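Colleague: Supplied in structure tokens, the structure appears directly below.
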Amino acid sequence: MSSNPPHRPAGSPLVVLADDLSGAAECAAVLPGCRRILLDPAAQVRPWETPVIDLDSRRRTPAGAARLVAQAVRQHAVTGARLLKKADSLLRGHLAAETAEFGAGASGLVVAPAVPAAGRTVRDGVVRLHGVPLHRTEGWRAEPVPVPRSVAEALGRADTAVLPLDQVRAGAAHLGGSLRSALARGAPVVCDAETDADLDAVAEAVLRLPHTVRMVGAGGLTAALGRLCGPVAPRTGPGPAPAAPRPVVVVVGTAHPGAVAQIAQLTLHGARHSALSAESLLGPGDGGRPAARARAALEGAPVSVLSICGTRAVDTSAAPRLARALARSVAAVLPEDADLVLTGGETARCVLDELAVTTLLPVGQVHHGAVHCRTVDGREVVTRPGGFGGPDSLLRMVGALRADRGRAVQEPYASDGGPR
């Protein structure tokens, strides 16, 4: 008789290591077996658990990020778990440094960063955004370093092998043989993918290999693994509706141009918006002035939005300080009964750090990348990467949290949080 728990597919348990919070939540939402997002990398993982661990390495130095990854690999590789390193689908972050440590001691490394649902595909080892090679788009406009022209360049490995689409689509037996042959050369293998079916094929092929073969991928590969694993047990649903709607505080820490339109949609439906200047957030003193403005924005408002004023360009090197300062201002005035919508992985993590949150319980997905979670003490939280979603994204995220969805936000919502 198998020793595996009921409904658990045979094989090694999966542990996902993410480099930021919104990416961690994105992965948790598409893994049916995931019950916890851990914000403490040293937290104990239960046997047969499928946790997603936010290493919070994106905002570290390359050396600091590499150390965090190395520590996590040492902790979890000895358990026999299969490891997935969540990477940014546009190759941002410390991909080379983290992957080098992640691959140490592995018998192979399979890299598949495509997310077809978000228009992010890989052909000939080159990431494409809606069909256009990444280096010819504006996808890296906020990054301080040059855009890589290929996944191999982002990895810093000239010996990287590419498994082209014709091999990915050649059938399970052929793909498995091609993958084993490429891995035998000892270099990372980048898998092309333009559809979810491509990623399903890659994931199935990797799961047939020893658990010592590790994976690097974005939400698309994680979702493929989730589809293969299937449901383990029903997740916790939204909590009981309170007697009165709880206030919702939206914190927008992204500089993405689409955020302006998203905030405008919220304010049109009754939300109160306050933009805090970068100068006041980064200025000397105890931050009392932005906190006072935040308090005024939140006072008595069913839905309030706090963002950073975009009237002046901000040096990208100041972004981490801005995120921390914005988080401190929010945490200083946040009502105990308020739920949260947090955009931008760094901002989301800073706010939760200020609130001493170390575990999130995934509830569901509002739309692609926008993930509804709950804290252990019952606060509802929706996170989302900064650049995701259309003009109604924030409206939908707020609607997913409102018990009385017809009051502060006059948008009709379906039962899954999406517009009817």
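Colleague: Tell me, Thr358, Thr121, Thr343, Thr61 in order of fewest to most beta-carbon neighbours within 10 Å?
Modeller: Working: Thr358 15, Thr121 23, Thr343 30, Thr61 11.
Final ranking by Cβ density, sparse to dense: Thr61, Thr358, Thr121, Thr343.
Colleague: Return, ordered by residue number, the residues of the stretch 354-390 whose backbone nitrogen is under 17 Å from a label point located 7 Å along Cα→Cβ of Glu138.
Modeller: Zone members listed by number: 386-390.
Colleague: So for the pair Ala104, Asp377, with labels modelled 7 Å out along Cα→Cβ, what separation do we get in nm?
Modeller: 3.8
Colleague: Residue-wise, which Karplus ³J(HN,Hα) couplings in Hz belong to the stretch 129-145, taking 6.51 cos²θ - 1.76 cosθ + 1.60, θ = phi - 60°, and x for glycine or proline?
Modeller: Calculated HN-Hα couplings, in order: 10, 6, x, 9, x, 3, 6, 9, 10, 9, x, 10, 4, 9, 8, x, 10 Hz.
Colleague: Just to be sure I understand: of the beta bridges DSSP finds with both ends in the stretch 14-229, what percent are antiparallel, rounded to 5? Show your work: numbers first, answer last.
Modeller: Details: 8 of 30 bridges.
That works out to approximately 25 percent antiparallel.
Colleague: Determine the calculated [θ] at 222 nm for the chain from helices alone, applying -39500 (n - 2.57) to every DSSP H run no shorter than 4 residues and normalising by the residue count; nearest 500 deg cm²/dmol. Walk me through the intermediate numbers first.
Modeller: Details: 14 runs with 139 residues, N = 420.
Dividing the helical sum by the residues of the chain leaves -9500 deg cm²/dmol.
Colleague: May I pose another question? To the nearest 0.05, how large is the calculated FRET efficiency for Ser181 and Thr61 if R₀ is 45 Å and r is the Cβ-Cβ distance? Display every interim value, and only then the final one.
Modeller: Details: r = 37 Å, r/R0 = 0.82.
Using R0 = 45 Å, I get an efficiency of 0.75.
Colleague: What FRET efficiency comes out for Ala318 versus Ala275 if R0 is 22 angstrom and r is the Cβ-Cβ distance? Round to the nearest 0.05. Walk me through the intermediate numbers first.
Modeller: On the way: r = 16 Å, r/R0 = 0.75.
Efficiency for this residue pair is about 0.85.
Colleague: Whole percent per 10 Å bin, from 0 to the bin with the longest distance: what is P(r) over all C-alpha pairs of the stretch 248-401?
Modeller: 12, 46, 36, 6, 0
Colleague: Provide, in order from the shortest bin, the percent of all Cα-Cα pairs of the stretch 71-137 in each 10 Å bin, continuing until the bin that contains the maximum pair distance.
Modeller: Histogram of Cα-Cα distances, whole percents per bin: 18, 44, 27, 11, 0.
Colleague: Which residues does the label zone of Leu282 cover in the stretch 124-155, counting backbone N under 16 Å from a point 7 Å along Cα→Cβ?
Modeller: Correct set: 142-144.
Colleague: Hey, another quick one. From largest to smallest, what semi-axes in whole angstrom does the stretch 1-133 give when each is the square root of 5 times an eigenvalue of its alpha carbon gyration tensor? Could the numbers behind the result be given before it?
Modeller: Values: eigenvalues 123, 70, 41 Å².
In descending order the semi-axes read 25, 19, 14 Å.
Colleague: Springs between alpha-carbon atoms under 10 Å, Gaussian network over the chain: tell me which of Arg46, Arg396, Arg67 tops the mean-square fluctuations.
Modeller: Top of the fluctuation ranking is Arg46.
Colleague: Related question: Which of the three applies to the stretch 14-229, rounded, prolate or oblate, going by the alpha-carbon gyration tensor with a ≥ b ≥ c and a/c under 1.5 meaning rounded? Working shown, then result.
Modeller: Details: a/c = 1.39, a/b = 1.11, b/c = 1.25.
It comes out rounded by the Cα gyration axes.
Colleague: When the chain is fully extended, how far beyond the present Cα-Cα distance does Ala170 get from Thr358, taking 0.36 nm per residue of separation? List each step's numbers first, then the result.
Modeller: On the way: separation 188, 0.36 × 188 = 67.68 nm, distance 4.37 nm.
The Ala170-Thr358 span can extend by a further 63.3 nm.
Colleague: Looking only at the chain, where both bridge partners belong to it, what percent of the DSSP beta bridges are antiparallel (to the nearest 5)? All intermediate terms of the calculation are to be shown ahead of the outcome.
Modeller: Numbers: 21 of 62 bridges.
Beta bridges within the chain, antiparallel portion: roughly 35 percent.
Colleague: If eta is 1.306 mPa s and T is 10 °C, what Stokes-Einstein diffusion coefficient results for the chain, Kirkwood Rh from Cα pairs, in µm²/s? List each step's numbers first, then the result.
Modeller: Numbers: Rh = 21.9 Å.
In µm²/s, the coefficient rounds to 73.
Colleague: What distance in nm separates the simple spin-label points at Ala117 and Ala261, each placed 7 Å from Cα in the Cβ direction?
Modeller: Here the answer is 2.1 nm between the modelled labels.
Colleague: Give me Phe388, Phe102 ranked fewest to most by other Cβ atoms within 10 Å of their Cβ, as a rough exposure proxy.
Modeller: Working: Phe388 18, Phe102 25.
So the residues, fewest neighbours to most, are Phe388, Phe102.
No value in this document is a laboratory result; all are computed from the given coordinates. Here the structure is a predicted model, which means the values were calculated and not measured. Glycine also receives a Cβ, built like all others from the backbone with ideal geometry; neighbour counts cover every protein chain displayed.
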